[in-house]
Every structure is written in structure tokens, then in C-alpha cells.
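Peer 1: There's a structure below that I have some questions on.
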Amino acid sequence: RQGLTERHWKQISEHLGGECNPQLYPTLKDMIDANIMSILQQLEEISNAAGKEFELNSALDAMQADWKEVAFEVLQYRDSDTHILSALDDIQTLLDDHIMRTQAMKRSPFIVALGSKADDWEAKLLLIQNIIDAWTQVQVTWMYLEPIFSSEDIMRQMPVEGRNFKSVDKTWRKIMKHTCQNLNVIVATEYPNMLETFLKAVEDLETVQKGLNTYLEQKRLFFARFFFLSNDELLEILSETKDPLRVQPHLRKCFEGIARLTFDDSMEITEMISDEDEQVLLVRKINPALANGLVEIWLKEVENVMLASVLEQMKLAWEDYFLVDRIIWVTSWPGQVVQSISCMAWTFEVEEAFSKNAVPAYLEKCNSQISELVQLVRTDLATGTRLTIEALIVLDVHARDVVKYLIDVNVENITEFDWISQLRYYWRETDKGEEWVCVSMVVTDVKYGMEYLGNNPRLVVTPLTDRCYRTLMGALKLCLGGAPEGPAGTGKTETCKDLAKAVAKKCVVFNCSDGLDYKALGKFFKGLAQSGAWACFDEFNRIELEVLSVVAQQILTIQRAIGRKVVKFFFEDTLLRLDPTCSIFITMNPGYAGRTELPDNLKVLFRTVAMMVPDYAMIGEITLYSNGFDQARILAQKIVHTYKLCSEQLSSQSHYDYGMRAVKSVLLASASLRRLYTTLPEAQIVLRAIVDVNLPKFLEQDVSLFVGIYMDLFPGTELPEPKRDDILKWLHINLKEQNLQPTPWFIEKILQIYEMLLVRHGLMIVGGPMGGKTTAYQMLAVALRCVSLDPDATLKEFPVNYRIINPKAITMGQLYGRFDPVSHEWYDGVLAKTYREMATAPTTERHWVFFDGPVDAVWIENLNTVLDDNKKLCLMSGEIIQMTKTMNMMFEPADLEQASPATVSRCGMIYMEPSQLGWRTFHKSFLNVLIETVGLNEIYMTLFDDMVDWLIPAALAILKECKQMVEPSPMYQYKMFSRFFFHFLDKHKTFNQVWFQQMFLFCFAWAYGSALTVNGQKHFDTLIRKILYGANEEYPRPKYFSLNRGQMFPEKLSLMDYRFDEVENWWTWQKSTDDPTATANIFPERAIISELIVPTKESGQITYWQEFCINKSYPMLVIGPTGTGKSAVIT
């Protein structure tokens, strides 16, 4: 009737042959009398069509009505007066749904009757869709460009792009102002020519972005080191045109060794200063003002002057070497110069000794020089001097060993292979009379790069390192790359870095991840080819195969250009100026998860070196020696034997690692302890270091074996206790405040975390749930903050800031950052943002990044360069963020089953076994709650304590024999019990002893029996009842327990089948009519049988505890096989 319009009545009149409408024939009887039944068939058709048309029309009206309420959500953009759209998902979903429904309607044959209504509506929706798409596109680009073009310096340098952006910016603000006046989607999108405006804005912004990229490319081509920075970092530097001092924080990103520059009063640069505060005078002053605000011009000048200054220092130091006593000489020149000139003098003196046949005498001289240095390193030195001397001892010991080897194999002149296969340094002159330093090995001559690298430690040279150097130097001669490969912790990356130090080249270490694409790597290669730097791509075989084949072409282009000795060459359509001293090294770990095999066209571009296990004893001995230990050889062998015996005798766990990095941690710890406790015997220091680094990770069963091992290796050596009184004092105070128990085990674990923080910057607190992992580090953080504020404390500490991230709750892109697939624009991830904030924060506080969640080889491998000695986070955007000394990366997994050896070897381990904490610690804390919060008196407390000691150990023993669906830990079961019991005590406030005991039994049954299967419940019930009735002699009834059988669970069913009504009676879960708390089950009249839930015992239990958990905001887990009504009862 509603659908029949005037048009339909006309059709009926035509078929009937006379006028017919509801006005003439108001009732059905009138119509039948008018002989309407004669056209029944036509009537049906008309009526049917009318009905369908009416439905379509109503649906369209309903859709249009829906949009009346839909509005945009806007947020204020930073501190500006404009806004941005947010949360478009709901609008997008509704839009997609309505467009589909409208298009489906248009396929209906009855739509014609509605005229253009459906077409207009579809056009309107599609317009909104296109507007929103363009709008979001403009918004994303505008938000990226707005902060860039709000810098006056950038506007001045890019006037055309600046003007274009400002016009788009004006339009944007105008449209957003209009939107804010009426947020309704339909109204807001009716802005005149909105789609065309946005599409033009998209085009304009694309032009601006292209212009910006071209601008950045030009800057990079001028100063090639900018290629190693991400776009955002580069823009930050370029926007600081007025004040050169503001470029200081970014210097480290361009120059490995320069942390800051010294400016004099006239704002001219006079010195460069390294991270270790070593100052090097520049050969000439640099005036940034002459660059007219172009940062890259004066940075290029800094680069040139740096190279000239290092050369100048080398010349002066070389002249000075033969004039003054060596010990004085060592302390009066920069560390890097001392290392290289010392090697050069050694080369000179060995060759001189050959010509005079005085090599044995020279060996004596080497030995006396080393002992002089070792005497010096034991004195109280400035940090910089100590670093120089420690590095020099390492180099000198190797030099001495080489001389000894030359004598042993009877080398007689300097042309023999055993001599020319060593790393040798010479002064050479070019045809033009310019002096340069040549580093030679076999037939390769490499020009010393003069890059200032700061005052760095050096690697101990073992036969393996020597072999690796020879292969890598041979590769350089052949214009190939080098590819050390081998298991984790064998020194692949460090050897490449150390060779770069030996020839003074900037070496950029980059951690490859599976998300890298050829564009990001191409940018990197451009930087290498132009700046002559070296790159070491760590874990290269994690890059995807498709990308690797493009990379092979990119590397080949560079290597061919070097081979042809060209000055300029084309690389990916860019003409680059080639610096032929650049080189590419890659390191690979074979056969882990997420590793690919290199394609053949890539393999031929590199010379591979197999890096196997290095000589730990030799590394240990020389490192200890350089730290001033007398008995270095014996102690190093003891360290190595400790690890060898541990790997043979202790259990095999996924978080145990006894490789090179573990040995290195002990050596580091020994060195710092040596400086702290100068009077302690050396054996005690090393033993303390071995225990500090290793004891935390062992399981309970392995601790006694480990103690046995070190007692045998260090017989009669006392283990000195570290002085940690300040931390202990505050820990006890804070634990008491938080109502936590200071058990000796827990305190020891917190201190172990602290000791581990001092020697490792990456650590893992491993162990099952409820073992106190989170509490341990949080209490340590609180204690350190208190120690830092305590005026009486002797320990100097810093307050702690920590951030917790759940790595598995977000995608890899959201964690590290990602490129937009369309615009190739970079978006930071959670970790990238956090890490950058912490790296730029002041170092007067400790910063911890905490990963609370499972560790697996996929997400954590991107952190490899963070966790090893590089301490750098490499993002795919090309940004490399250096970790500060007060930063730590911490992980909190339950186990390390899925972690690769590369990860395990990089982190310090603290293992926290939940059983060591035990449920009784929770019990002690709960007793405090009962006394202080509930206010129980002594009688109740004694009764409660007796019942806990009586029933809980019994229940835990019985549960071992019963089948459970899941096995909650004893701590968790006690936690559940205490939550239940506290809730009821708190709810009732007043009670008697009988009620108290009955309530205890009810909570006890549900905390300890809730996960049992049906058969398990029966078994549990039988054994617990025996104990309750006093029939089990192992668990006698306590004196104050006063319930008789009638007051406990009735005997008809098992104890899980009853609930306590919180007065004094026990009822079954199926509520009966004589139960005062029962409400009669009355089904509504219109109930559908299939949707009814018949109350059963299980539904009663779930509903009861569900209400309890929801009211208290506790999570709840319902487990059982499929089809048992879990979802049905809960919903």
C-alpha cells in the first residue's frame, strides 16, 4: 500500500478500463465490487514492482540519513592554529559499504523508476571517497614538509619550492578552517572545487618534494659524507646556517673521531676534540662565516683540514720519536698518531736490525719497551693516556711476537715472505715531493687515510686476525671487497673495523635487515664512492635475494670504475667523483633463520675469509697484560679453562654461551675491577670478574657445579665481596615500602642485574612468569635514583628512566620504522623514536629500553649492531644512531629457544627461576596486607598462618599426581588464593571464626583446583578430604582449626561442586529454590529454544567467577575442549 504511488494507480486504471484510486474506492470491498479481480495478474506485477521500488527508495533514504550524523575528527596540529584529520577508519568503512550497496542497487531492474536519485547518490559517495583519498595524501606530505619549510634558512635556500609550499599551506589552512566550522562529512566535503584543489595540491607538493630531494642530492654530492645520513638528519644540519655551534651534535655522524670542535672568540675553529676528550690542534683556522651560511662548505673544509692536521702531527711525532725518551713521547702525542708512528718506527728498526744482523738484540729492546709501558699503565693515569698505552701495549706485544717469530724461522733479509707478509708502515714521497704514509702487506700498498679516528683501543692480533688482514689487503689490491664469514663472536666485524683503524679510514658499519631495498643501499654506495670511506655491511645475507642481485650490479659498477682508474663515473644516472680508496666489506653468519644464500654474481665480487674460533688464551693474556696484570698468562688460561669445563660439565641451555664475547666480558670486568681495587691480588680480581659475569645466568642445578669448577681452578683464593652498601641500604627501604620481601636470592639477583649493567650494555633477564623479573629491574631503578640523591652515598650513580616496549605486539615496520610503499617516505617506529630520544638526552641519567616479550631471530637481529661493540642502531632510512654510555638495552623473555647464537652471545644473561622466589614470599607479603589493611588480630593471624602451612604444601603435593588442563605455578595459585580471600574479607568486614575458616576453604579450593580435569578433581577431592578430616598423619590438623564435617564441603559431591553463600551454608552451583541467594529461572515468553542456555553446574561456576573478575578488573581464562559452551556462557 505504501509503495503504490500515483503512477502505479494510473497503470491499474488503464488495465481496468476506468478510473481507480483509493479516494474513489476507500475499502477493499469497494474495489472488489469495481471488478478489480479481473486484472489480478497485472495487479500482482504492478504491486510487486511497487514493493521493490519502495524498498530501494527506503534503503537510499536510510543511507542518506546515516550520513547526517557522521563527522570528521580533527586534532590540533602541534602548537599551530590549524588542524589535521584523525581516525578516518570508521568513515572509510561506512563509505566502502555504502558505495558497494549503492552499486548493487543500481543493478536492480526496478531502479529506473527512481530516476537519477541513485546515480546522484553514487556520484556523491565516490566524490567523498576521492576527496578523502586526496586529503589524506596532502595531509601526510604537508605534515612532513611543514616543519622543514618553517625554517627560514631552508626557505632562503629553496625559494621556488618554498613559495609553492606556502601556497599549498595557505589552501590547507583555509580548507581546515572551513572543516572545523562544520565537521559533518557531507557538509565539509561541499567546499567549492574541493577535489580539484586537493589534486592540484598533491601535484604541487610532489614538485616541492622532488625539488627538496634534488636539493639534498646536490648537498650530498658536494659533501659526500652526507650520504650516510638520513634525509631528516641532513635537513636538521642544513637548517643551522646562522650558528655553527648548533651543528656540533651532528659532527659525530660525519666524522668518526670528532665529537666537537673548539671555537675561539672570533668564532673560528682551532681544535678538534674526540669522544675521549683528546684535543688535536688544526694546521689552520677555519672560519665558518666565510661559507655564507652554507654548512656543507665549511664542513668540507673541516674534512680537508682534519686530513692535513693528522699528517702534520704524524710528521712532527716521527721527528720527535728519535729525540726523546719513548715513555715521554707516548704521552705527548694523540693516541692514533702514537699507534701508527710506533708501528712505523718498529718497521724501520726491524729493517735496520736486519741490515746490521742485530735482530736478537732488537728483541731485547722490544721486551724492555713493553715492560716500561706495563709499569706505566699500573700508575694512576688520565683516561686518555691510559687508552693510548693500553692500545700501544697490544700493538707492541704483537710486534715483539713477530720479531721472535722471525728469529725462530731464521729470516735473514727483508725480502723474505715471513717479513713482507707483516703489516708494515713507511714514509713515501710522490713525484711532486709530497710525503705520504704507505701501509704495506705482501704486495699490497695502501695509502694511510689520515682520517682522525679519536683515541681508540685496538684488537689483539692473533694468527687468525693476521690471516684475515692478508686476505682483505689482497682483495684491495684486486679491487674486490672482503667477506669474512663464520659463526657468531669470531670477530668478523671487529677485524674489518680494526683494519680500517690500521690504515686510518672512516669505516661505516651498517646492520643489514630484510627490509632494506636497493634505493637505500644505492644512497650508501654513492657516499662510499665519493668519500673514499670503507663500509662493513654486517649480516649481509639477511637482505632479500631480489635486492641482492641489484646490489651486485651496484657494487660491480664501483669496482669497475676503481679498476679503470677513472676520475668520474655514472652510478644510477648520477655523475659521481670517484675516490678510489673506497672499499666494501660484508660479514655473514651461515645458516640461521632468515638468512639467504648469496647469488653467484655477488660472490665473485668478494674474497671470502673463513673466520673460525680465535685463540682465546692469547687474546686474554695480551688484554690482561695491557691492563697491567703481572700473571696475565696463567690467569688467561684459567679463564679459558673455566669456560671449557663449564661447556663440558654444566647442562645445555639456550641462554648459555661460552664464546669470545663471554671471555671479553670477563676481561672488561677484570680491567675495571683492577682500577677500582688496586691492592687486591690479581687472582681474586679475575675470580670476582668470572663469578660476576657468569653466575647470574646459571640454573640452580648448575650453580654448585660452577662453584666446584672455580674452586678447583683458583684453589685457596678468597672471593672478595663487592662494596654495594649504598644500593643495599636503599633496596631494603624501597622493598619494605612496596611490601616486597627482601629474600637473599632476590636481593642477589637485583645486584647481579646492576653488576651486569656495568660490563654489558645489552642484557637479558630470562625466566618463567612470576619469578620477579619486572619487579627486580624496577626496584633497581628506584634504588639507583635514591642513591643518586643520597648525600651520604659513596657510590656515584644516576637516576634511571626506562621505557617498556612489547616487540611482538606490533609489526617490524611499527617497531623500527618503514618506508611508505608509494612515496618512499620514511616513518619512524616506536623503537627508533625512543632510542633517538634517549641517545640525545643528557648523560646525567641512565636510560633503559626494555623489551618485554618473546625473543626470536626475526625482530631482534636488527639490533645486532646495537648489542655488539658498535653500539649503533641502523635504520633502513640510512640513519645510524650511536648509543650513549648511560644507555642499556634490556630484554625480558621467558626463554631463548628461538634466539640465534648471534643474539645470545651479544647479551649478558641473568636467569631468574620462579621456584627460587617461591610462594612463601607472596605469603609473607599477604600477611602484611591482612594485618595493615584488613586489620586481623593475632588469633585470626595464627589461624590463617596455620591453615596455610597445613593445606597449601599438601595441595601442591597432591596436584603433582592430578591431571590439569594447564599447570599454573605455585606462586600464581597463591596469588589467586590471596586475591579471592582478600576480596571476601574486605567485603564483609565483620565475621566469626567459623565463617573465616569456611571462606578460606572455598577460596583455597578454587585457587588450587580450578584448572583440574574432571578425573583430576575427583582425585584431588579424595585426598584433600582425608587431610581435612585429620586422617593424614603427614599433614596433621592444626590446633585452632575448629570446623566439623557438617561445616565443611558436603560429602555428597566433590568440593569443586559447592559454593559458599558467604553466610554459613554450602550450595551446589545449580541454584535450587531453597537457596536464599538463588533467583528463580524464568524464561521470557518469546524466547527461542536454540538460544536458551540451560543452567548447569559449569555455567553457574563460570558466571559466578566471571562477575567476580569483571568487578575487580582481573583477567580470566576459560579453558576446555571445543564445543563445551565456553563462548556461549561468557557472552
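Peer 1: Give me the residue from the range 961-981 that is more than 39 Å from the chain's Cα centre (by Cα) and of a type outside the set (Asp, Glu) and, out of that set, farthest from Gly935 (Cα to Cα).
Peer 2: Restricting attention to the range 961-981, the residues satisfying the condition of being more than 39 Å from the chain's Cα centre (by Cα) are 961-963, 981.
After this cut, where a residue has to be of a type outside the set (Asp, Glu) as well, the list is 962-963, 981.
Working: Cys962: 37, Lys963: 38, Phe981: 14 Å.
If we take residues in the range 961-981 being more than 39 Å from the chain's Cα centre (by Cα) and of a type outside the set (Asp, Glu), then Lys963 is farthest from Gly935 (Cα to Cα).
Peer 1: Here's a follow-up. Filter the range 62-109 down to the residues that are in a loop (DSSP other than H, G, I, E, B) and touching a helix residue (DSSP H, G or I) at 6+ places or on another chain (Cβ under 7 Å), then identify the one that is farthest from Ser150 (Cα to Cα).
Peer 2: Step by step, filter the range 62-109, then rank; the result is Ser108.
Peer 1: Let me ask you something else. Among the candidates Leu1053, Leu1023, single out the residue that is surrounded by 14 or more Cβ atoms within 10 Å (Cβ to Cβ), at pLDDT 90 or above and either under 12 Å from Ala955 (Cβ atoms) or not small (Gly, Ala, Ser) (or both).
Peer 2: After ruling out the rest, the residue left standing is Leu1023.
Peer 1: Taking into account only those residues within the range 372-387 that are in a loop (DSSP other than H, G, I, E, B) and without any contact (Cβ under 8 Å) to a residue 60 or more places away in the chain, which is farthest from the chain's Cα centre (by Cα)?
Peer 2: Thr379
Peer 1: For the structure I just gave you, tell me whether Gly716 is under 27 Å from the mean Cα position of the chain (by Cα), modelled with pLDDT under 95 and farther than 18 Å from Lys664 by Cα.
Peer 2: no
Peer 1: Residue under question is Leu576, and the condition is that it be in a strand (DSSP E or B) and over 32 Å from the mean Cα position of the chain (by Cα); does it hold?
Peer 2: So Leu576 fits the description; yes.
Peer 1: Which of the residues belonging to the range 740-761 are surrounded by fewer than 18 Cβ atoms within 10 Å (Cβ to Cβ), under 12 Å from Tyr911 (Cα atoms) and either under 22 Å from the mean Cα position of the chain (by Cα) or not acidic (Asp, Glu) (or both)?
Peer 2: Selection gives Trp745 alone.
Peer 1: Do we find a residue being in contact with a helix residue (DSSP H, G or I) (Cβ under 8 Å, 6 or more places away or on another chain), surrounded by 13 or more Cβ atoms within 10 Å (Cβ to Cβ) and closer than 27 Å to Leu673 by Cα anywhere in the range 341-360?
Peer 2: Checked against the condition, which is being in contact with a helix residue (DSSP H, G or I) (Cβ under 8 Å, 6 or more places away or on another chain), surrounded by 13 or more Cβ atoms within 10 Å (Cβ to Cβ) and closer than 27 Å to Leu673 by Cα, the range 341-360 yields no hits at all.
Peer 1: Considering Thr775, Thr834, Thr811, Thr794, which residue is of a type outside the set (D, E, K, R), without any contact (Cβ under 8 Å) to a residue 24 or more places away in the chain and either touching a Gly at 6+ places or on another chain (Cβ under 7 Å) or assigned by TED's automatic domain parsing to the domain that holds Lys871 (or both)?
Peer 2: Going through Thr775, Thr834, Thr811, Thr794 in turn, the sole match is Thr811.
Peer 1: Scan the range 511-539 residue by residue and report those that are at pLDDT below 90, of a type in the set (A, V, I, L, M, F, W, C) and touching a strand residue (DSSP E or B) at 6+ places or on another chain (Cβ under 6 Å).
Peer 2: Within the range 511-539, just Cys512 meets the criteria.
Peer 1: Would you tally the residues in the range 19-46 being surrounded by 11 or more Cβ atoms within 10 Å (Cβ to Cβ), outside any helix (DSSP H, G or I) and not aromatic (Phe, Trp, Tyr)?
Peer 2: 7
Peer 1: Next up: Mind listing whichever residues of the range 707-761 are under 22 Å from Leu650 (Cβ atoms) and of a type in the set (S, T, N, Q)?
Peer 2: Thr717, Gln752
Peer 1: Let me ask something else. List the pairs whose first member sits in the range 874-885 and is outside any strand (DSSP E or B), whose second member is polar (S, T, N, Q), and whose Cβ atoms are under 6 Å apart, counting only residues at least 6 apart or on separate chains?
Peer 2: Ser877/Ser230; Gly878/Ser230; Glu879/Ser230; Thr884/Thr843
Peer 1: Within the range 1036-1049, can one find any residue that is touching an Asp or Glu at 6+ places or on another chain (Cβ under 7 Å), of a type in the set (Gly, Ala, Ser) and more than 13 Å from Leu951 (Cα to Cα)?
Peer 2: No, there is no match, as no residue in the range 1036-1049 is touching an Asp or Glu at 6+ places or on another chain (Cβ under 7 Å), of a type in the set (Gly, Ala, Ser) and more than 13 Å from Leu951 (Cα to Cα).
Peer 1: Follow-up question, since we're still on this one. Which of the numbered conditions does Val247 fail, given that it passes all the others? Conditions: (1) touching a helix residue (DSSP H, G or I) at 6+ places or on another chain (Cβ under 7 Å); (2) touching a residue at least 24 places away in the same chain (Cβ under 8 Å); (3) surrounded by fewer than 17 Cβ atoms within 10 Å (Cβ to Cβ).
Peer 2: (3)
Peer 1: Scanning the range 403-434 for residues that are of a type in the set (A, V, I, L, M) and buried (at least 18 other Cβ atoms within 10 Å of the Cβ), which turns out modelled with the lowest pLDDT?
Peer 2: Val411
Peer 1: Here's a follow-up. From the residues in the range 829-867 that are over 23 Å from Gly768 (Cα atoms) and assigned to a strand (DSSP E or B), which one is farthest from the chain's Cα centre (by Cα)?
Peer 2: Arg846
Peer 1: Can you report the number of residues in the range 1036-1060 which are within 27 Å of Thr942 (Cβ to Cβ) and either assigned to a loop (DSSP other than H, G, I, E, B) or in contact with a helix residue (DSSP H, G or I) (Cβ under 7 Å, 6 or more places away or on another chain) (or both)?
Peer 2: Residues that pass the stated criteria total 14.
Peer 1: Looking at the range 771-790, which of its residues are over 12 Å from Leu735 (Cβ atoms), crowded, with 23+ Cβ neighbours inside 10 Å and among the small types (Gly, Ala, Ser)?
Peer 2: Gly771, the sole residue that qualifies.
Peer 1: What do you reckon, is Phe891 at pLDDT 95 or above and of a type in the set (Phe, Trp, Tyr)? Give the derivation first.
Peer 2: Values: at pLDDT 95 or above: yes; of a type in the set (Phe, Trp, Tyr): yes.
Spelling it out, Phe891 is indeed at pLDDT 95 or above and of a type in the set (Phe, Trp, Tyr).
Peer 1: Being at pLDDT below 95 and either more than 25 Å from Leu650 (Cα to Cα) or in a helix (DSSP H, G or I) (or both) is the requirement here; does Val782 meet it?
Peer 2: It is false that Val782 is at pLDDT below 95 and either more than 25 Å from Leu650 (Cα to Cα) or in a helix (DSSP H, G or I) (or both).
Peer 1: Take the range 1056-1066 and flag every residue that is under 22 Å from Asp946 (Cβ atoms) and surrounded by fewer than 12 Cβ atoms within 10 Å (Cβ to Cβ).
Peer 2: Within the range 1056-1066, Glu1064 is the sole residue that qualifies.
Peer 1: Also, I was wondering about something else. Looking at (1) buried (at least 16 other Cβ atoms within 10 Å of the Cβ); (2) among the small types (Gly, Ala, Ser); (3) part of a helix (DSSP H, G or I), which is the one condition that is false for Ala793?
Peer 2: Going through (1) buried (at least 16 other Cβ atoms within 10 Å of the Cβ); (2) among the small types (Gly, Ala, Ser); (3) part of a helix (DSSP H, G or I) one by one, Ala793 breaks only (3).
Peer 1: Are there any pairs with C-beta distances below 9 angstrom linking a residue in the range 1-24 that is over 19 Å from Phe110 (Cβ atoms) to a residue that is outside any loop (DSSP other than H, G, I, E, B) and modelled with pLDDT under 75, with the two at least 6 apart or on different chains, and if so which?
Peer 2: Asn21/Glu6
Peer 1: Right, Ser513: farther than 28 Å from Val904 by Cα, of a type in the set (S, T, N, Q) and either over 24 Å from the mean Cα position of the chain (by Cα) or crowded, with 20+ Cβ neighbours inside 10 Å (or both) or not?
Peer 2: Criteria not met by Ser513.
Peer 1: Condition check: outside any strand (DSSP E or B), surrounded by fewer than 18 Cβ atoms within 10 Å (Cβ to Cβ) and on the phi > 0 side of the Ramachandran plot. Does Gly768 satisfy that?
Peer 2: For Gly768, the condition - outside any strand (DSSP E or B), surrounded by fewer than 18 Cβ atoms within 10 Å (Cβ to Cβ) and on the phi > 0 side of the Ramachandran plot - is not met.
Peer 1: Can you name the residue in the range 281-331 that is of a type in the set (Val, Ile, Thr) and within 22 Å of Leu373 (Cβ to Cβ) and, of all such residues, is farthest from the chain's Cα centre (by Cα)?
Peer 2: Of the residues in the range 281-331, the ones of a type in the set (Val, Ile, Thr) are 283, 286, 295, 297, 302, 305, 310, 324, 327-328, 330-331.
Narrowing the set further to residues that are within 22 Å of Leu373 (Cβ to Cβ) leaves 324, 327-328, 330-331.
Working: Val324: 51, Ile327: 45, Ile328: 46, Val330: 41, Thr331: 41 Å.
Selected residue: Val324.
The values are calculated or read from the model by the stated rules, or taken from the named source; none is laboratory data. This structure is a prediction, so every number in the text was calculated from the model and none was measured. For neighbour counting, all protein chains shown are included, and Cβ atoms are generated from backbone atoms with ideal geometry for every residue, glycine included.
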